[in-house]
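Written out below as structure tokens is the structure these notes cover.
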Amino acid sequence: MKEDTAYLHILYLVRHGESCYNAEGRVQGQSDVPLSPLGEEQSEAVATALCRVPLTAIYSSPLLRARQTAERIAAHHGLPILFDDRLQELHAGIFQGKLRRELPLLFPEEYAAWSTGDPFYVIPGGQSRQQVRERGAAALRDIAARHTGHTAVVGHGALFRFALAALVAGENTLELPPLANGSITTIAYAREGTFRLLAYNQVDHLRHLAPSSLGDL
């Protein structure tokens, strides 16, 4: 990628590799579950894809699946992993740990309300899209302003979709399309504090692997 000198900082947003819950079709939210065997392979592929990028910092959600992904990236660069609680996934409350196909039967009213896409609907015991949008965008703004050069940020599908909608798409866009496990999304941060989307949901580095499970959270 040819770097635009008008930008101070390039961020590589990595969705963690497939987790065991992803593979089972379960909602994980902030459940602390490890990578699946495929997720481990995806994380290695991400690390290889970023090995020639001159990273100066690596940030991660503290949740295990993100941490395990970040560890593989860090191993290529000799950098410490900086954890930020704001990079955690949306807390899915009563949905956490349940199979996705079970949700309409177990929680018909709550699932119907969530499925409307209402940004302010709070999952009982959990969070709303808007809450995650605000904390995710704040975390990325702080990280972008704190460094120059190139930084990897390992996080979660819904978190990045909601936060990026605020940073690069504007207030009228609530969320961006789903992100694949192990995908890389690249954004640039400019001197005036604005962001530009350079690449979204890049998965070329995963083509040699088996297809991953679908779904955020």
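The values are calculated or read from the model by the stated rules, or taken from the named source; none is laboratory data. No experiment lies behind these values; they were computed from the predicted model shown. Please note: Cβ atoms are built from the backbone with ideal geometry, for glycine as well, and neighbour counts cover all protein chains shown. To get the accessible areas, we keep the full protein, side chains included, count just its heavy atoms, and leave off ligands, DNA and RNA. Shrake-Rupley method; radii C 1.70, N 1.55, O 1.52, S 1.80 Å.
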So, for the Cα atoms of segment 154-217, Rg and Dmax in Å stand at 12.8, 42
For a quick check: with amide H placed at 1.01 Å from N, whose amide H comes under 5 Å from Thr186's, ignoring anything fewer than 5 positions away on the same chain? Leu13, Leu198, Ala199, Tyr200, Asn201
Using only C-alpha positions, report the orientation-averaged shadow area of the convex hull of segment 1-103, nm², one decimal. 7.5
Using r as the Cβ-Cβ distance of His76 and Ser115, and R0 as 35 Å, what FRET efficiency do you calculate, to the nearest 0.05? 0.30
With +1 on the Cβ of every Lys and Arg and -1 on the Cβ of every Asp and Glu, and nothing else charged, how large is the dipole of segment 26-167 about its Cα centre, in debye rounded to the nearest 20? 220
What angle, in degrees between 0 and 90 and rounded to the nearest 10, separates the Cα long axis of helix 64-77 from the longest principal axis of the Cα atoms of the chain? 10
Theoretical gain in end-to-end length, Asp142 to Asp32 [0.36 nm per residue, Cα-Cα removed]: 37.1 nm
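Divide the volume of the convex hull of the Cα atoms of segment 117-177 by its number of residues and quote the answer in cubic angstrom per residue.
93
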Estimated vicinal HN-Hα couplings, Hz - segment 9-21 in sequence order (Karplus 6.51, -1.76, 1.60; Gly, Pro = x): 8, 10, 10, 9, 8, 10, 6, 3, x, 4, 9, 4, 5
Can you compute log10 of I(q)/I(0) for the chain with the Debye formula, treating each Cα as one identical point scatterer, at q = 0.13, 0.16 Å⁻¹? -0.69, -1.04
Accessible heavy-atom area order of Asp216, Asp118, highest first, probe of 1.4 Å: Asp118, Asp216
In the full protein assembly as shown, how much of Asp204 is accessible to a 1.4 Å probe, in Å² to the nearest 10? 100
Nearest 10, in degrees from 0 to 90: the angle of helix 129-146 to the longest Cα principal axis of the chain is 10
Taking a label point 7 Å from the Cα of Leu99 along the Cα→Cβ vector, which residues of segment 183-217 have an amide N closer than 16 Å to it? 214
Between the alpha carbon centres of segment 170-213 and segment 55-87 the gap in Å comes to 17
Taking the Cβ-Cβ separation of Arg191 and Glu40 as r and a Förster radius of 30 Å, what is the calculated FRET efficiency to the nearest 0.05? 0.20
With +1 on each Lys and Arg Cβ and -1 on each Asp and Glu Cβ, and nothing else charged, work out how big the dipole of segment 116-217 is about its Cα centre, in Debye to the nearest 20. 220
Looking at the chain, which longest stretch skips every one of the GluC sites (Glu not before Pro) that is in a DSSP loop with at most 15 other Cβ atoms within 10 Å, leaving the sites themselves out? 4-170
Could you state the number of Å between the C-alpha centres of segment 9-41 and segment 99-169? 15
³J(HN,Hα), Karplus 6.51/-1.76/1.60, whole Hz, each residue of segment 181-187, x for Gly, Pro: 4, x, 6, 10, 10, 10, 10
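Using a 1.4 angstrom probe on heavy atoms only, work out the carbon and sulfur share of the accessible area of the chain in %.
Taking all protein chains in place, the chain shows 52 percent carbon and sulfur surface.
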Per the charge dipole of the chain (beta-carbon charges, Lys/Arg positive, Asp/Glu negative, Cα centre), the residue among Gly29, Leu217, His150 reaching farthest to the positive end is His150
Roughly what % of DSSP beta bridges within the chain run antiparallel, to the nearest 5? 50
Once phi is turned into θ = phi - 60°, what whole-Hz ³J(HN,Hα) does the Karplus curve with 6.51, -1.76 and 1.60 give for every residue of segment 80-95, x standing for Gly and Pro? x, 9, 9, 9, 9, 4, 5, 8, 5, 5, 3, 6, 8, x, 5, 7
